[in-house]
Amino acid sequence: MMMRYLLMCLIFGTTFMSIKIGLNGGFPPFLFAGLRFFVGGILVLLFLGGWKYLRQVKGKMWLEMVGGGIGLTGLCFAALFWSEQYVSSGMAAMIVATKPLFTMLAGILLHKQSLRTTTIFALGFGFVSVLSILLSGVTILDTNGIIGLLALLFTELVYALTLIRFSSVTQSLSPITSNGLQLIFGGVFLLLLASLFELPFTHVLTQGAIWSLIYLTVFGTCIAYSLFFYLVKATNPVFPTTWTYISPLIALVLGWLFLAEKIMPLQIAGAVGVLISVLILHVERVHLSKTALTNESDLC
């Protein structure tokens with residue numbers, strides 16, 4: 001089981017470098033992302049068995065799939081793929097690692113959750129760390145790079161808000177089915193963006209670009225998701241999500257090793273800070289879950 005977990009972390013960690021290779025090889029960002037998720041979503045449904053439960057999706061639930069696709073995949077990866085034209089893959093990975101911070105913040109805002117001292121500290125420390133990453137970017141990035149980082153941060157908040165609603169309205173559905181569908185609709189949204197902003201497509205693609213698309217579609221989407229859902233069944237829903245602590249570090253190191261990306265001291269400090277704050281929030285969430293279960297058992 002641990003080997004599957006490490007393989008999942010490795011695959012997710014390599015996706016940021018693969019995106020960079022594909023962009024450098026001639027792919028426009030929206031077309032690149034759209035092909036990955038449209039085809040990847042179909043593979044998830046076909047090979048992970050999600051197609052068996054498509055009949056569960058009825059009426060307005062299809063609109064929820066479309067909204068989830070735009071919020072969870074379309075906007076987030078439009079920002080990621082576009083920004084990686086101007087931002088290092090490692091720096092982009094560090095911003096994406098803030099997902100748990102924004103998810104916790106969105107839960108507090110939407111559900112008016114009570115704040116413990118550790119939660120306040122983790123959120124504050126996390127966003128100060130993000131600020132240090134942004135400040136490190138100011139010294140080495142042009143205007144498009146700064147816009148890319150800000151777009152990534154904004155879409156991470158959109159992701160968190162969408163995730164809370166999507167999770168609540170799809171509880172009765174197979175997670176493989178709902179995620180496969182939202183990937184497909186997110187891919188359609190990205191392909192629509194490509195048709196609006198990237199046509200006519202006249203780029204000559206390198207072999208590296210084509211292989212990066214294949215890798216991201218097969219390994220970065222289908223196989224990574226299959227490992228994730230296997231681990232959810234084999235352990236619990238929380239443990240597999242801890243890939244967000246490891247994969248950004250892998251992305252940072254790979255970008256430095258293979259893409260000659262510079263790592264600034266302030267960027268390292270920010271990256272470590274984000275990961276520490278996310279880890280604190282994870283421990284806090286596990287503690288609250290155990291407390292709730294204990295209270296329920298006491299009432300029985």
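The values are calculated or read from the model by the stated rules, or taken from the named source; none is laboratory data. Just so we're clear, the structure is a prediction, and the values are computed from it rather than from any experiment. Cβ: placed from backbone, ideal geometry, glycine included. Neighbour counts: every protein chain shown. With ligands, DNA and RNA removed, areas are computed over all heavy atoms of the protein, side chains included. Shrake-Rupley method; radii C 1.70, N 1.55, O 1.52, S 1.80 Å.
Here are some notes:
- Coupling constants for region 69-74 follow from the phi torsions by the Karplus curve (6.51 cos²θ - 1.76 cosθ + 1.60, θ = phi - 60°), and in residue order they are x, 5, x, 8, 10, x Hz; glycine and proline get x.
- Reduced Cα scattering model of the chain, Debye log10 I(q)/I(0), q = 0.06, 0.10, 0.13 Å⁻¹: -0.19, -0.54, -0.94
- More than 15 angstrom apart: percent of Cα pairs within region 137-228: 77
- Region 140-227: chymotrypsin sites (Phe, Trp or Tyr not before Pro) in DSSP loop, at most 16 other beta carbons within 10 Å: Phe201
- Under conditions of 4 °C and 1.567 mPa s, region 1-111 yields 80 µm² s⁻¹ as its translational diffusion coefficient, taking Rh as the Kirkwood radius over Cα pairs in the Stokes-Einstein equation.
- In this calculation the C-beta distance from Leu63 to His111 is compared with R0 = 22 Å, giving a FRET efficiency of 0.45.
- GNM result for the chain, Cα springs below 10 Å: residue of Leu199, Leu254, Leu31 fluctuating most strongly: Leu199
- nm² value of the averaged projected area, convex hull over the Cα atoms of region 1-40: 3.2
- For the peptides 12-24, 43-55, residues were scored by their other Cβ atoms within 10 Å and the scores averaged per peptide; the highest-first order is 12-24, 43-55.
- Distant alpha-carbon pairs in region 26-71 (separation over 17 angstrom), percent: 48
- Taking N as the residue count of region 67-207, its C-alpha radius of gyration divided by 2.2 N^0.38 Å amounts to 1.18.
- Electrostatic dipole magnitude of the chain [Cβ: Lys, Arg +1; Asp, Glu -1; Cα centre; debye, to 20]: 620
- Probing with 1.4 Å while keeping every protein chain in the model, the per residue accessible area of the chain equals 49 Å².
- Surface composition of the chain: carbon plus sulfur atoms hold 72% of the accessible area, using a 1.4 angstrom probe and ignoring ligands, DNA and RNA.
- Along region 38-52 the Karplus relation, 6.51 cos²θ - 1.76 cosθ + 1.60 evaluated at θ = phi - 60°, assigns HN-Hα couplings of 5, 5, x, x, 4, 4, 4, 5, 6, 8, 9, x, x, 5, 5 Hz to successive residues, with x for each Gly and Pro.
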